[in-house]
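Rule-based calculations on the coordinates, nothing more; no lab input. Just so you know, these numbers come straight off a predicted model, no measurement behind them. Virtual Cβ from ideal backbone geometry, glycine too; neighbours counted across all protein chains shown.
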Amino acid sequence: MPGKIKVLLIDDEKEFNHFVKLNLENTGEFEVLATEDPLAGIDLARKYHPDLILLDIYMPQLDGTAVAENLLADDLTSNIPIVFLTALVKQDELRKGSTIAGRHYIAKPVTTGDLINQVKAILKR
Amino acid sequence: MINNKKARKPAAQVKALRKKTDRPKRNKLKMTGLAEKARIMDAIIQNSAVAIFVINAQHKVIYWNTACEDLTGLKAQELLGTSNHWKAFYDTYRPCLADIIIDNKFDAIAKFYKNYKKSDFMRQGIHAEGWYLQLNGKDRYLALDAAPIYGNGERITAVVETLQDISGFKLAEKKLQENEQKMRAVFDQTFQFIGLTTPEGILIQVNRAALELIGSQAAEVLGKPFWEAPWWTHSPELQEKLRQAVKKAAGGKFVRFEATHLDKEGAVHNIDFSLKPVKDKDNKIIFLLPEGRDITEFLQAERLLKESEQDLQKCYIEFKQTQAELLQAEKMAALGKLASNLAHEIKNPLAITLQGLEYLKSIAPQDTAYSATIESLINSNLRADKILKDLLNFARPAAPLMLEEVDIPSLINNSLFFVDPQNNLNNVTITRQFAPGLAKVKLDYNQIQQVLINIFINAFDAMPQGGKITVTAGQVEDTLNRKSLQIVISDTGCGIKEDDMARIFGPFFSTKREQGGTGLGLAISRSILESHKGTLEIKSKYGEGTSAVINLPIV
């Protein structure tokens, strides 16, 4: 049996992180590390090298796009696919995200089913 | 004193006595009578108010009366017995009228007098008249009448000449002529058509403007009944109207009506016509005064003014509509900003509750009231998210159009493909009628597809029991030869109630709340078409079906 998919979730909404972690891990297919602190998120990415990072865009401490730039600039993390998970739905903001990493984004709110499908689809590529 | 003796004599004695003494007395009396007559004549001439002088056959003045002295300033005693009477009138010698008659040189009259003729007052007399400058200190216009006085036989023994100062009359006559000329000038030069008829309507005067209009001469129309003149003969109805108007005006009434006259080229002129009775000092109607004012240009101007007013009204309505649209656009822009901020604020808690509900669902016992409630809450959460998405689509400031050349039949077919699979169980037949050789059109593929999908969904929703959808696409031209692509999507569904027609484009108006409609589909569709400078029109008959007509300019 292949190993679980390691997902790093960086979002300033603590409750959101809590339920996403529970729902994904409930499937038995995912191992989720979650943090509300973007700087801590960058460290976690370096340390644990997840299969995929779910990254909120609008965070008061550090903007998600800045986090992505940091991760891409670092050889240790530059090959990890980043998926923007955001309630910011303006077209121009989505475009801004899409020019940085793998042009992936998922709009909040999202059902667990959709989230899993999209994450798996991205990892397949 | 009475002699009593004589008084007592018998009548016969008196008679006899008279006979005896009568002859010498009669002769004496005869002589006395002639002298008396001469004296009376002399007094008449001397005291006549008319200036009179008489010259004898030798051109000597034998009478020069007081009036003549007053008129000329020369006294009789200076002139009697002389031939100097000419000096009263002229600086150098020339014969007076009386001299010409004495000399019987009638051929010379024309040389000396411009105006002369046979006298109206004197038998065998001659009348002449003319201006005499500074005659006794005044310029005078004199009427001269001279006539011969015959002695025994045919010999002229003298000529009497009367002189009348008619300067006042002449000046009044001149003034009258001037006034008449002025009146005539006004009559002829005015732009109005003016004439004069008898109370029976016979035309006796007409001005130049009226004649020029019909290209006639006065002689051709004067003396005719007015209604038989060329101004009226093109219309028997107008002729009759005028005949009635003449009767009314002859009865003392002012009549006015609008008529038409044809000019010499046959062009129609609109005339404001009036007929007015003219009365003398005894209030008797002596003439009728017809007047016509050409109001063709006025009416044209009035028509143009009305058209301009209508245009202005139209512009005003368009302005109000544009103003309302601008206001709506402003509101939408503000709503867009608000919606965008609100969406972020709401979507985060929605995301949390959705994840939380899904977690609860995963741990709740299956097929219980708990799981059903959680499922219902999840659906409500997703519905709230859909409302937010539609609101953002509708209110978001327009994204720049990604224009590309699009093949219209493919666009329509692809759009139908999105909608059809979920409705193909509804027994709906779809007919496509695309004009052959339909040119590609520049548009934003995704946005127009969204419009078509919205309209197709509405059509399917209107026919839950099945029906027919007809899609046509072709090129049309408007009145200004501007080409546009027209797509018409018609269904045989339930149609739209008349009361609802005015509200179908309003945001959040929906008759499909039960089926999850947010009431933003048509509003978004119209907004997209407007950003393409196109239009969306909905025609519907309740119970029979609906047609959506899309027009997109071909540039």
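Return the aspartates and glutamates within reach of A:Lys14: Cα separation strictly under 19 angstrom, same-chain partners fewer than 8 residues apart disregarded; answer none if there are no such residues.
Cross-link targets: A:Glu25, A:Glu31, A:Glu36, A:Asp37, A:Asp43, A:Asp56, A:Asp63, B:Glu345, B:Glu358.
Identify all aspartates and glutamates with a Cα-Cα distance to B:Lys539 below 14 Å; exclude those on the same chain that are fewer than 8 residues away in sequence.
B:Asp491, B:Glu498, B:Asp499, B:Asp500
Just to be sure I follow the rule: in segment B:43-164, considering lysines 8 or more places apart or on different chains, how many pairs have Cα atoms under 17 Å apart? Please list the in-between numbers first.
Details: B:Lys60/B:Lys75; B:Lys60/B:Lys87; B:Lys75/B:Lys87; B:Lys87/B:Lys138; B:Lys105/B:Lys114; B:Lys105/B:Lys117; B:Lys105/B:Lys118.
Within segment B:43-164, the lysine pair count is 7.
Which pairs break 30 Å Cα to Cα here: B:Lys182/B:Lys264; B:Lys337/B:Lys512; B:Lys314/B:Lys442; B:Lys331/B:Lys483? Write down the numbers at each step before the final one.
Values: B:Lys182/B:Lys264 28 Å; B:Lys337/B:Lys512 27 Å; B:Lys314/B:Lys442 32 Å; B:Lys331/B:Lys483 32 Å.
As for pairs spanning more than 30 Å Cα to Cα, those are B:Lys314/B:Lys442; B:Lys331/B:Lys483.
Calculate for the protein assembly as shown the 222 nm mean residue ellipticity that helices alone would give, adding -39,500 (n - 2.57) per DSSP H run of length 4 or more and normalising by residue count, nearest 500 deg cm²/dmol.
Details: 21 runs with 306 residues, N = 680.
My calculation for the protein assembly as shown gives -14500 deg cm²/dmol from helical runs alone.
With a Förster radius of 22 Å, plug the Cβ-Cβ distance of B:Ile204 and B:Phe169 into 1/(1 + (r/R0)^6) and report the FRET value to the nearest 0.05. Spell out each step's value before the answer.
Numbers: r = 28 Å, r/R0 = 1.26.
Approximately 0.20, to the nearest 0.05.
Quick one: Debye curve from the alpha-carbon atoms of chain A only, equal weights, vacuum; give me log10 I(q)/I(0) at q = 0.11, 0.16, 0.19, 0.21 Å⁻¹ to two decimals.
Treating every Cα as an identical point scatterer, log10 I(q)/I(0) equals -0.32, -0.71, -1.04, -1.31.
Give the distance, in whole Å, between the Cα centre of segment B:275-292 and the Cα centre of segment B:178-251.
14
What are the principal axis extents of the Cα atoms in the protein assembly as shown, in Å, biggest first?
203, 64, 56
Would you work out if segment B:185-246 is rounded, prolate or oblate? Take a ≥ b ≥ c from the square roots of the eigenvalues of the alpha-carbon gyration tensor; rounded if a/c is under 1.5, else prolate when a/b is larger than b/c, oblate otherwise. Please list the in-between numbers first.
On the way: a/c = 1.78, a/b = 1.51, b/c = 1.18.
Cα axes put segment B:185-246 in the prolate bin.
Rounded, prolate or oblate: which fits segment B:323-395 when a ≥ b ≥ c are the square roots of the eigenvalues of the alpha-carbon gyration tensor, with rounded for a/c under 1.5 and prolate only if a/b beats b/c?
Working: a/c = 6.23, a/b = 3.16, b/c = 1.97.
Prolate, since a/c reaches 1.5 and a/b exceeds b/c.
Considering all projection directions equally, how large on average is the shadow of the alpha-carbon convex hull of segment B:28-168, in square nanometres? Before the final figure, lay out each step's value.
Details: hull surface 36.9 nm².
The number I arrive at for segment B:28-168 is 9.2 nm².
Rg over Rh of segment B:403-553, using C-alpha atoms and the Kirkwood radius, what does it come to?
Working: Rg = 14.9 Å, Rh = 15.8 Å.
Ratio of gyration radius to Kirkwood radius: 0.95.
Using the C-alpha atoms of segment B:190-294, what convex hull volume per residue, in cubic angstrom, is computed? Write out the running numbers ahead of the final one.
Working: hull volume 9.0 nm³, N = 105.
It comes to 86 Å³ per residue, whole-number rounded.
What Kirkwood Rh does chain B have if only Cα atoms enter the pairwise 1/r average? Answer in Å. Could you put the intermediate results ahead of the total?
Numbers: mean 1/r = 0.0268 Å⁻¹.
Kirkwood radius, chain B: 37.3 Å.
Can you give the FRET efficiency to the nearest 0.05 for B:Lys284 and B:Ala57, using r as the Cβ-Cβ distance and R₀ = 51 Å? Each step should come with its number before you reach the end.
Numbers: r = 57 Å, r/R0 = 1.11.
The calculated FRET efficiency here is 0.35.
Within a Cβ distance under 15 Å of B:Gly125, other residues only, what is the Lys/Arg minus Asp/Glu net charge? Write out the running numbers ahead of the final one.
Working: positive: B:Lys117, B:Lys118, B:Arg123; negative: B:Asp99, B:Asp120, B:Glu129, B:Asp145, B:Glu161.
It works out to a net charge of -2.
Using the Karplus equation 6.51 cos²θ - 1.76 cosθ + 1.60 (θ = phi - 60°), what ³J(HN,Hα) coupling, rounded to whole Hz, does each residue of segment B:169-185 give in order, writing x for Gly and Pro?
Calculated HN-Hα couplings, in order: 4, 5, 5, 5, 5, 4, 4, 4, 4, 4, 4, 5, 4, 4, 4, 5, 4 Hz.
Please give the length that would be gained between B:Lys276 and B:Asn115 if that part of the chain were fully extended, namely 0.36 nm times their separation in residues minus their C-alpha to C-alpha distance (nm, one decimal). Could you put the intermediate results ahead of the total?
Values: separation 161, 0.36 × 161 = 57.96 nm, distance 4.15 nm.
Going from the current span to full extension adds 53.8 nm.
Considering only Cα-Cα distances, which of the following residue pairs are longer than 28 Å: B:Lys247/B:Lys306; A:Lys21/A:Lys47; B:Lys248/B:Lys306; A:Lys21/A:Lys124; B:Lys174/B:Lys281? Mind showing how you got there, number by number?
Working: B:Lys247/B:Lys306 37 Å; A:Lys21/A:Lys47 19 Å; B:Lys248/B:Lys306 35 Å; A:Lys21/A:Lys124 21 Å; B:Lys174/B:Lys281 24 Å.
Those over the limit are B:Lys247/B:Lys306; B:Lys248/B:Lys306.
Quote to one decimal, in nm, the extra length available between B:Arg503 and B:Glu404 on full extension: 0.36 nm per residue of separation minus the C-alpha distance between them. Working shown, then result.
Details: separation 99, 0.36 × 99 = 35.64 nm, distance 3.28 nm.
Result for the pair: 32.4 nm of gain on full extension.
How much of the DSSP bridge set in the protein assembly as shown is antiparallel, in percent, rounded to the nearest 5?
Details: 82 of 107 bridges.
The antiparallel proportion sits near 75 percent.
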